[in-house]
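Beneath this line is the structure, given in structure tokens, with notes to follow.
The values are calculated or read from the model by the stated rules, or taken from the named source; none is laboratory data. The structure displayed is predicted, hence computed values, not measured ones. Using ideal geometry, Cβ is built from the backbone for each residue, glycine included, and neighbour counts are taken over all protein chains shown.
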Amino acid sequence: MGKRRVLLAKIGWDGHDIGIRTIARMLRDMGLEVIYLGLYNTAEMVVTAAIQEDVDVIGLSILSGDYFGVIRSVLEGLKQKGAEKIPVIVGGVIPRQDVPLLERMGVKKIFRQGASLPSILEAINTL
Amino acid sequence: MSRSESVFKDVEQRYKEQKARDVASKLGLPVKEVYGPHDIDFLDYRQDSGDPGEYPFTRGIHPNMYRGRLWTMRELVGFGTPADTARRIKELAREGLTGLDISSDTCTYFGLDTDHPLAEGITYRGVATSTLKDMEVLLEDIPLQDVSVVFPISTPPAAIVFAQYVTVAQKRGLDISKLRGTIQNEPLKGRYSTFGPPTEHFDLDMKLAGDVIEYCIKYMPLWNPINVQGACFSTYYLTEPETLGIVFSIAMVHINEALRRGLDIDSVAPRFAFFMSSHLNLFEQVASFRAARRIWAKIIKERYKAKSARSCMWRFSVMGAGHDLYPQEVTNNIVRITLQTLAAVMGGVQSIQGVAHDEPVSLPTRKSHRTALRIQQIVAFESGVATVADPLGGSYYVEYLTRRTEEMTFKMIKQIEEKGGILGAIESGWLDGYLEESCIRHQQKLDSGEEPVVGVNQLRIPEENDEVPEVHRISEYAPLEELDRLRETKASRNYEKVKEAVDILYRKAKERKENLIPFILEAVKAYATTGEIFGTIQMAFGYDYDCLKVLKSPFQFA
């Protein structure tokens, strides 16, 4: 098995990128192939890149409050392109009461503040 | 061994093994077990401390500090429609606010309107002021002549939000020279504050920032036209000296610009205020605020040769560091915020923007917002901590930490100078890299447990045993209401007046000879939108009308 490929992106106008940049660097340092799209992407850009780059996991960072909208747009986009097999994990500010619904929608794992890098790595390696 | 036995074996083990760490936490400085007189042999009271209200102001900027007046108690509010925000402000006002603090939404932060085709996050975080009408609704019941208002928004849109506020006051016939408040108006931290517009045009940013400062020096003596932000840099888990080094480097860029415009240091320096994070590492934090006062005083006196004592006073407000807070066992954050508040008060702060304990989970609920205010009030009225100025002055440990912080800050300032000043440090990518390294180090410390966080990386309970905090929800109709109001305002305004005002603004912005604030005020008064005003200034500087490259200017410019 080659290096694990993970795409990391933020969608829309949400500019909180400290978490995602830190994770991107640390995962890269641990030997993963990180496709880092950074800020201000559309769901379409993320889906297209994920398919083109043949990634193993998509990681979204959401700190805007609009997590339902962002997640829905990506999951639907993946479905439309027949790529719903690509697992999506999310990091950010997401209240626990909304996690079950998001998981039912198709998000594989949600990470909040205080999440450890080893736990994120494990999710990426095993999903 | 039975389960019960093993639990108490843990108790016994902890009892034997738990001991205090040997570093002053975030400074990472190894510190001794105890400090004594010899550790502060260097201290010359008159030279290094002075009394409160006396150069170099280490002990505080006023002789009687909080006996004269308590710090201003604010809570940041901004969500939903202007009416929603105004309602929450009023509720908190009844519960004890002594000043206001209003958060703008993402659209406004981008200098765009809520009807932008790509607009999103409308009303989710902050309140949009796409036109003067929004600001009028927002401030409807607020007596601007009596109450101080803070708008923590960066340049460039800061100039427009400021103009919207001033126009509301002018329309009420108020004397603007009596208005009290703050507009954050600092652009260089834009890319680091996570709320900056997606483009950076330093020439335009510095022009507008300087124009606001200049305008206030001339017409609004009680208004803070710049609030240099250290808080956003703290979120990269920097030490205090690193944050202060960056903050003072940024402040100097703006001072230099004001001097370049021919203003006098003693007119300029007193107008600078600072916005810092307060962390829960109590003694280090207090030492940092004390050191900051001494450092600013020295810079203004020695580098800039100011003659007035007022110029050398470092005035600051704080918000509790959001990054000290965690979503696990969310009520624990009340303790963290209390420590942050204590640090700020013992550090001589002028104004506190309280933080709600559910910050890691959502915007403050009605209840958590009240609790945030109560924290400030309990510290103020029940603890006695505010009774004496600089209560930790003279502490061997704190005086030692103050001196060390000062030394390390000047080193950081020098390091930044060697990278070409803060502008050079930003443009070369050096500062980006520096901040990134800091974040990685912190994550490693969190993962290893070297930086202990109770309930998070130690003593963590299973998630299913943790309470699920209430979440503040925004009405789904709020964005629609916003759009309706914008549409109505655009339909009912005198478009000829808008065109005229925008046209003059464009010409003046292109010439770059005059202060643009009066022309922004005229455009705001005519109900030109935030996007129209910002877009026009962008075009005058040779940039795209729309930083997202979707809209074209609706105006024809000669």
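The set of residues in the stretch B:401-452 that are surrounded by fewer than 20 Cβ atoms within 10 Å (Cβ to Cβ), among the aliphatic types (A, V, I, L, M) and either within 14 Å of chain A (Cβ to nearest Cβ) or touching a strand residue (DSSP E or B) at 6+ places or on another chain (Cβ under 6 Å) (or both) contains only B:ILE440. Out of all the residues in the stretch B:464-480, is one or more in contact with a helix residue (DSSP H, G or I) (Cβ under 6 Å, 6 or more places away or on another chain), within 30 Å of B:GLN556 (Cα to Cα) and β-branched (Val, Ile, Thr)? No, there is no match, as no residue in the stretch B:464-480 is in contact with a helix residue (DSSP H, G or I) (Cβ under 6 Å, 6 or more places away or on another chain), within 30 Å of B:GLN556 (Cα to Cα) and β-branched (Val, Ile, Thr). Taken residue by residue, the stretch B:531-541 has at least one member that is in a loop (DSSP other than H, G, I, E, B) and either touching a Phe, Trp or Tyr at 6+ places or on another chain (Cβ under 7 Å) or over 17 Å from B:PHE162 (Cβ atoms) (or both). Report yes if B:GLN328 is over 22 Å from B:PRO225 (Cβ atoms), outside any helix (DSSP H, G or I) and among the polar types (S, T, N, Q), otherwise no. Yes. In the stretch B:356-378, which residue that is within 14 Å of another protein chain (Cβ to nearest Cβ) and among the hydrophobic types (A, V, I, L, M, F, W, C) is surrounded by the most Cβ atoms within 10 Å (Cβ to Cβ)? Only one residue fits best here, namely B:ALA356.
B:LEU516 meets all of the listed conditions (1) in contact (Cβ under 8 Å) with a residue 40 or more places away in the chain; (2) more than 26 Å from the chain's Cα centre (by Cα) but one, namely (2). Assessment of the stretch B:521-531 against the conditions (among the charged types (D, E, K, R), more than 14 Å from chain A (Cβ to nearest Cβ) and surrounded by 14 or more Cβ atoms within 10 Å (Cβ to Cβ)) yields at least one matching residue.
Selection over the stretch B:84-110 of residues that are within 24 Å of B:THR489 (Cβ to Cβ) and under 18 Å from the mean Cα position of the chain (by Cα) gives a count of 9.
Residues in the stretch B:385-400 that are part of a helix (DSSP H, G or I), crowded, with 17+ Cβ neighbours inside 10 Å and either at pLDDT below 95 or in contact with a Phe, Trp or Tyr (Cβ under 6 Å, 6 or more places away or on another chain) (or both): B:TYR397, B:VAL398, B:TYR400.
Elements of the type helices (runs of 4 or more DSSP H) sitting completely within the stretch B:192-298 and holding at least 2 residues that are in contact with a His (Cβ under 8 Å, 6 or more places away or on another chain): these cover B:202-219.
Condition check ((1) among the small types (Gly, Ala, Ser); (2) farther than 28 Å from B:HIS323 by Cβ; (3) modelled with pLDDT under 95) across all residues:
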position	(1), (2), (3)
A:THR42	no, yes, yes
A:ILE58	no, no, no
A:VAL74	no, no, no
A:GLN80	no, yes, no
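Scanning for something part of a loop (DSSP other than H, G, I, E, B), away from chain A (no Cβ under 13 Å) and of a type in the set (D, E, K, R), does the stretch B:117-131 turn up at least one residue? No, that holds for no residue.
Taken over the stretch B:155-172, the residue count meeting the criterion of being basic (Lys, Arg) and touching a Ser or Thr at 6+ places or on another chain (Cβ under 6 Å) is 0.
This table checks each residue for (1) surrounded by fewer than 19 Cβ atoms within 10 Å (Cβ to Cβ); (2) at pLDDT 95 or above; (3) acidic (Asp, Glu).
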residue: B:ILE89; (1), (2), (3): no, yes, no
residue: B:LEU97; (1), (2), (3): no, yes, no
residue: B:LEU100; (1), (2), (3): no, yes, no
residue: B:GLY111; (1), (2), (3): no, no, no
residue: B:ALA119; (1), (2), (3): no, no, no
residue: B:SER130; (1), (2), (3): no, yes, no
residue: B:GLN145; (1), (2), (3): yes, yes, no
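Just one residue in the set B:ASP113, B:ASP141 is within 22 Å of B:THR489 (Cα to Cα), in contact with a helix residue (DSSP H, G or I) (Cβ under 9 Å, 6 or more places away or on another chain), within 14 Å of another protein chain (Cβ to nearest Cβ) and assigned to a loop (DSSP other than H, G, I, E, B); that residue is B:ASP113.
Is there a residue being modelled with pLDDT under 95, within 14 Å of another protein chain (Cβ to nearest Cβ) and surrounded by 18 or more Cβ atoms within 10 Å (Cβ to Cβ) anywhere in the stretch B:475-493? Scanning the stretch B:475-493 turns up at least one residue that is modelled with pLDDT under 95, within 14 Å of another protein chain (Cβ to nearest Cβ) and surrounded by 18 or more Cβ atoms within 10 Å (Cβ to Cβ). For the stretch B:459-472, which residues satisfy the criterion of being within 11 Å of another protein chain (Cβ to nearest Cβ) and not aliphatic (A, V, I, L, M)? Answer for the stretch B:459-472, where residues must be within 11 Å of another protein chain (Cβ to nearest Cβ) and not aliphatic (A, V, I, L, M): B:ARG460, B:GLU463, B:GLU464, B:ASP466, B:GLU467, B:PRO469, B:GLU470, B:HIS472. Kindly check whether there is at least one residue in the stretch B:180-189 that is surrounded by fewer than 19 Cβ atoms within 10 Å (Cβ to Cβ) and modelled with pLDDT of 95 or more. Yes - at least one qualifying residue is present in the stretch B:180-189. Within the stretch A:94-127, the residues that satisfy the criterion of being among the β-branched types (Val, Ile, Thr), within 14 Å of another protein chain (Cβ to nearest Cβ) and either within 13 Å of the chain's Cα centre (by Cα) or within 21 Å of B:GLU451 (Cβ to Cβ) (or both) are A:ILE110, A:ILE120. Going through the stretch B:464-487 one residue at a time, which ones are among the acidic types (Asp, Glu) and touching a residue at least 24 places away in the same chain (Cβ under 8 Å)? Listed by number, the residues that qualify are B:ASP466, B:GLU467, B:GLU470, B:GLU481, B:GLU482. Number of residues in the stretch B:35-61 that are under 19 Å from B:PRO391 (Cα atoms) and in a loop (DSSP other than H, G, I, E, B): the value is 16. Just for the stretch B:324-354: of the residues that are within 14 Å of another protein chain (Cβ to nearest Cβ) and buried (at least 19 other Cβ atoms within 10 Å of the Cβ), which one is farthest from B:GLN184 (Cα to Cα)? So the residue we want is B:GLN328.
B:SER25 meets all of the listed conditions (1) under 14 Å from B:GLY393 (Cα atoms); (2) touching a residue at least 24 places away in the same chain (Cβ under 8 Å) but one, namely (1).
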